[in-house]
Amino acid sequence: QVQLVESGGGLVQPGGSLRLSCAVSGNIFSINAVGWYRQAPGSQRELVANITGGGSTNYADSVKGRFTISRDSAKNTVSLQMNSLKPEDTAVYYCNAYLKPYATFRYANYWGQGTQVTVSS
């Protein structure tokens, strides 16, 4: 069974920093892209940042220059360093992995349970 477990969310003041981490585990043949999405109340889930299987990174325009995504393929972890946080960054952040488990041997999207990030003074 595939599991994505996030950690690192919390309450931070505007201008502060947080680091989110996600550990991907299970009987996995291959992991392609990994990334972070977020969903604010009343809004659709949106891409924050991801790393493709080839190592390319993509960022939402709203977080460019403030957030940095990184990946440790040996440990199957993905992290999101968030600096200069703004109130509009408040959302539930979800870890995502596009991977192929041994059970199905087909690529599919898998999600973590989400972690709350609140930016407020």
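Annotations for the structure displayed:
- Protein-only accessible surface at a 1.4 angstrom probe places the residues LEU11, LEU4 in the order LEU11, LEU4, largest first.
- Counted charge near CYS22, where neighbours are those whose Cβ lies closer than 15 Å (Asp, Glu -1; Lys, Arg +1): +2
- With every protein chain in place and a 1.4 angstrom probe, the accessible-area ranking of VAL117, VAL2, largest first, reads VAL2, VAL117.
- For the chain, accessible area per residue (1.4 Å probe, heavy atoms of protein chains only), Å²: 53
- Relative contact order [Cα under 8 Å, 6+ residues apart], the chain, whole percent: 36
- Additional length obtainable on full extension of the chain from SER121 to VAL5, 0.36 nm per residue less Cα span: 39.0 nm
- Sequence of SER121, SER73 when ordered by accessible area, the most exposed leading, probe 1.4 angstrom: SER121, SER73
- Over segment 51-121, Cα pairs under 8 Å with separation of 6+ residues give a relative contact order of 24 percent.
- For the chain, the spread of Cα positions along each principal axis, largest first, Å: 46, 25, 24
- Neighbour net charge for VAL63 - beta-carbon separation under 12 angstrom, K R +1, D E -1: 0
The values are calculated or read from the model by the stated rules, or taken from the named source; none is laboratory data. Not measured: the values here are computed from a predicted model. Quick reminder, even Gly has a Cβ in these numbers, built from the backbone with ideal geometry, and neighbours come from all protein chains shown. What goes into the accessible areas is simple: the full protein's heavy atoms, side chains included, and nothing from ligands, DNA or RNA. Shrake-Rupley method; radii C 1.70, N 1.55, O 1.52, S 1.80 Å.
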